[in-house]
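Participant: I have a structure here, written as structure tokens, and I will follow up with some questions on it.
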Amino acid sequence: MIYLQLFLTFLEIGAVAFGGGYGMISVIRDQVLANGWLSNEELLDMIAVSESTPGPIAVNMATFIGSKQGGIFGAFCATLGVTLPAFIIMLLVAVLVRGLIKRGGVQAALSGIRPCVVGLIIATAGIMLINCLFGIKNISEPVFIDPIAFIILVLILPIPYLTKKLMKKKISPIIMILISAVLGMILYSIIEI
């Protein structure tokens, strides 16, 4: 039954993935591709949409995947599964172990988890970059450089630096996504690959 499978898969993801939504992306990607719920291209598109919509990215991803596989109830099951572990853990922390977070062992464990989370985020970003720019999904495929994706990357990379330098403030990630979307619509409509 797809609803139970969605719930259990996202319950597992929510229980073992640390580091928030971005840390969960690689685990979600592995599970979604293993279950054949989305293609790699659909997953990349869904990550972009999940990033640009309000709410935590992992919850948005779970909701989207759940709705694609099982409609509204599928979305509910996947979202419940991914959020339930964090809810239970935070409830237990708040009620039972308020002083535990200050203990040296807990701090040491959290300090050990942080590099792993950073590594997962960097690996996921690298995989997405390679897939987007070069069209590589696995090692056996030929390399194809998408010139439009490369142009968009080159055009948007200096924007945060220039904004900070000229306007003395950081640019919103939402503005960056909108700029990229507009560039994509313009460039992909006028340039034939």
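Participant: Hey, can you tell me all the residues within region 102-154 that are loosely packed, with under 11 Cβ neighbours inside 10 Å and among the basic types (Lys, Arg)?
Facilitator: Scanning region 102-154 gives a single hit, Lys102.
Participant: Determine whether region 127-138 contains at least one residue that is outside any helix (DSSP H, G or I) and in contact (Cβ under 8 Å) with a residue 60 or more places away in the chain.
Facilitator: Looking through region 127-138, at least one residue is outside any helix (DSSP H, G or I) and in contact (Cβ under 8 Å) with a residue 60 or more places away in the chain.
Participant: All but one of (1) over 21 Å from Leu8 (Cα atoms); (2) without any contact (Cβ under 8 Å) to a residue 60 or more places away in the chain; (3) in a helix (DSSP H, G or I) hold for Leu91, so report the exception by its number.
Facilitator: Only one criterion is unmet by Leu91, namely (1).
Participant: Determine whether Glu192 is assigned to a loop (DSSP other than H, G, I, E, B), of a type in the set (Asp, Glu), outside the structural domain of Tyr22 (by TED's automatic domain parsing) and farther than 20 Å from Thr53 by Cα.
Facilitator: yes
Participant: Something else about it: Which residues, taken from region 136-156, are modelled with pLDDT of 85 or more and of a type outside the set (Gly, Ala, Ser)?
Facilitator: Pro147, Ile148, Phe150, Ile151, Ile152, Leu153, Val154, Leu155, Ile156
Participant: Quick check on this structure: which one of Ala109, Ala181, Ala123 is outside the structural domain of Tyr22 (by TED's automatic domain parsing) and either over 22 Å from Ile13 (Cα atoms) or in a helix (DSSP H, G or I) (or both)?
Facilitator: Ala181
Participant: Next up: Mind counting the residues in region 19-40 that are under 13 Å from the mean Cα position of the chain (by Cα), among the hydrophobic types (A, V, I, L, M, F, W, C) and farther than 19 Å from Met1 by Cβ?
Facilitator: Of the residues in that region, 4 qualify.
Participant: If you don't mind, another one. Please find, within region 25-73, the residue that is surrounded by the most Cβ atoms within 10 Å (Cβ to Cβ) out of those that are of a type in the set (D, E, K, R) and closer than 15 Å to Ile177 by Cα.
Facilitator: Top of the filtered list is Glu51.
Participant: Counting just the residues of region 6-17 that are farther than 22 Å from Ile72 by Cα and surrounded by 14 or more Cβ atoms within 10 Å (Cβ to Cβ), which one comes out modelled with the lowest pLDDT?
Facilitator: By that ranking, first place goes to Ala17.
Participant: Could you list all residues from region 139-156 that are charged (D, E, K, R) and either in contact (Cβ under 8 Å) with a residue 60 or more places away in the chain or within 23 Å of Leu183 (Cβ to Cβ) (or both)?
Facilitator: Asp146
The values are calculated or read from the model by the stated rules, or taken from the named source; none is laboratory data. Just so we're clear, the structure is a prediction, and the values are computed from it rather than from any experiment. Cβ sites come from the backbone with ideal geometry, for glycine too, and all protein chains shown count toward neighbours.
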